[in-house]
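> To start, I am sharing the structure in question, which I have written as structure tokens.
The values are calculated or read from the model by the stated rules, or taken from the named source; none is laboratory data. What you see is a predicted model, and the numbers here were worked out from it, not measured in a lab. Note: ideal-geometry Cβ built from the backbone for every residue, glycine included; neighbour counts use all protein chains shown. Just the protein is used for accessible areas: all its heavy atoms, side chains included, with ligands, DNA and RNA removed. Shrake-Rupley method; radii C 1.70, N 1.55, O 1.52, S 1.80 Å.
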Amino acid sequence: MTTAAMATDNPFVDPIASFEEHGRDHSFAVDSTLPVGKNASLTLGTDSLIVLDEAFEKRDRTNCCGLWPSGTANTRAIPFYNILWAELQDDELRIDYASPASKTVVRAATLKYPFERQTLEVVHKWIIKLLDRSYGESQRIKRMKVLVNPHSGKGSAEKWYHRDVEPLLIAARCTIDMQKTKYSGEAVEIAEKMDIEAFDVVASCSGDGLPYEVFNGLAKRADAKKALTKIAVVNLPCGSGNAMSWNLNGTDSNSLATLAVIKGIPTPLDLISITQGETRTLSFLSQSVGIVAESDLATENLRWMGGQRFTYGFLVRLWEKALYPCDIAIKVAIDDKPSIKEHYRREKSNHEPASERRGYRNLLDDDASASSGNDDGLPSLRYGTVNDKLPEGWELVPYDRLGNFYCGNMAYMAADSVFFQAALPNDGYMDLVCINGDIPRTTAIKMMLGVENGNFFDMPGVWYRKVLGYRIIPKSKGDGYISIDGERVPFQPFQAEVHKGLGTVLSKSGHMYEAPGL
Ligand SMILES: Nc1ncnc2c1ncn2[C@@H]1O[C@H](COP(=O)(O)OP(=O)(O)OP(=O)(O)O)[C@@H](O)[C@H]1O
């Protein structure tokens, strides 16, 4: 049988290898299949390692509840994405991989095969190829600072770390320095003081609160710009709100998120400077004034309701047609939905390297000169602070019927809630949604459902813009709610401006969020 025929008959033959091999020598095919032991072989397929082993048939006929891609009784296809490591130990070839235990759980597992000493060089080369295909552009053996918030969510973060996270990191040969946070704000101090040369990643086993602290700790350093570029901030979801993990890992399962981090690609992330009073902080997720802030922050007493508490708070306020009058000045970048869609599609097909996705070098914008700053600290503020006079061209407009002011830097705000369908990790814009508070109740409920079913962006009452900065001055008397990344801040005016690609995260694609998009 010719190789070409084999390729069509046998789904496990790498078609590229077959094509290259056709009419040439047979070196690639020999190299991609490694005979191991008497009745087994390992083949580098198109996107999987194909393990052919007579012993499977006797040992396990169940294909692990159908969780592996289909093979025959004596083959197993392990996606390269699931391969964690491979090496020679004594006279054995050892392959560590993430084995599916259910649809939402993977566990570290190992394959071991003996090999002949005289084939050492061949096996060695084969391992190099396997690891190349398994990691692609993702860094291997990541050096991880892991922070565990024992109080996150229902208080299980430490247990989940030891059960779901650590074994996978060890199997992938990551180096781990784990620390439990002892008090609120400690992650800021840890990030501010850490040796950034000794680590590649800070992973928080928590909700979104700890990554927020880590970004802000890195931002406090004298070498903030370098630290935010070098250290990837990631979330291993253990909280009640795990938006960061949904956006970047596509899951709130700890073990699947750990695998996504192990295989994650460094991705610049826009960060937003918030000035309020005399403070300057960084936001990575969202800012809200009005119904969203209040539904989240004013329902802490309803925590027992779990995820439903937010929906309940939202519906009560919708029913009351609550208004949150504000004066707002906005530096708009794109203000109509067709242009936003076009921008989104253009960015989706843009695969320029990470180094090109930071700063405002290429933005033809009058304010670009001050964008990057000249020193190693945080970039200077192009639009000044909330205490400065309004930047030129900005105009404060009364929004007296405002119901919801919601500005996002990521797409998912919670599981199943893609509020910002056009959000991109490093397009240099924030996504701003404004909704009037006096729209009919039925429309408001349709909008709420639209967030879950993906129709939200196109709804007529949803005012969606891409913006570079804004100032907001709440007008109601007394104490209201403003939320920055889910944390309550004083009910006072604040100003925001975005810094293109200032931070770094790990993502699956290297340039997009895991949300369905537009
Ligand atoms: N040991 C600790 N004791 C009390 N608070 C802590 C401790 N460690 C961290 N925190 C605080 O817990 C808060 C919540 O952090 P987390 O990252 O888990 O986000 P979250 O999504 O808000 O959590 P939750 O799941 O509780 O809603 C953070 O503000 C952090 O400062």
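> Ordering His511, His151 from largest to smallest accessible area (1.4 angstrom probe), what's the sequence? Write down the numbers at each step before the final one.
Values: His511 20, His151 150 Å².
Solvent-accessible surface, decreasing: His151, His511.
> ³J(HN,Hα) across segment 107-120 via Karplus (A = 6.51, B = -1.76, C = 1.60, θ = phi - 60°), whole Hz, x for Gly/Pro?
For segment 107-120, the Karplus-derived couplings read 10, 5, 9, 9, 10, 10, 9, x, 9, 7, 3, 5, 9, 3 Hz, x marking Gly and Pro.
> I've got another one for you. Rounded to whole Å, give me the distance from the Cα center of segment 199-219 to that of segment 102-141.
So the two Cα centres are separated by 31 Å.
> How big is the gap, in Å, between the Cα center of segment 467-493 and the Cα center of segment 370-438?
12
> Continuing with this model, one more query. Could you rank Ile50, Ile445 by how accessible they are, 1.4 Å probe, largest area first? Write out the running numbers ahead of the final one.
Working: Ile50 15, Ile445 65 Å².
Order by accessible area, largest first: Ile445, Ile50.
> Between Leu120 and Glu92, what length in nm is gained on full extension when 0.36 nm per residue of separation is reduced by their alpha carbon distance?
Numbers: separation 28, 0.36 × 28 = 10.08 nm, distance 1.05 nm.
9.0 nm is the gain from fully extending Leu120 to Glu92.
> Measure off 7 Å from each Cα along the Cα-to-Cβ vector at Asn453 and Asp388, then give the distance between these two points in nanometres to one decimal.
Here the answer is 4.6 nm between the modelled labels.
> Jot down the radius of gyration and Dmax of segment 365-518, Cα atoms only, both in angstrom.
For segment 365-518, the Cα-based Rg and Dmax read 16.9, 52 Å.
> Over 10 Å intervals from 0, what percent of Cα-Cα pairs in segment 143-263 sits in each interval?
Distribution as computed: 15, 50, 32, 3 percent.
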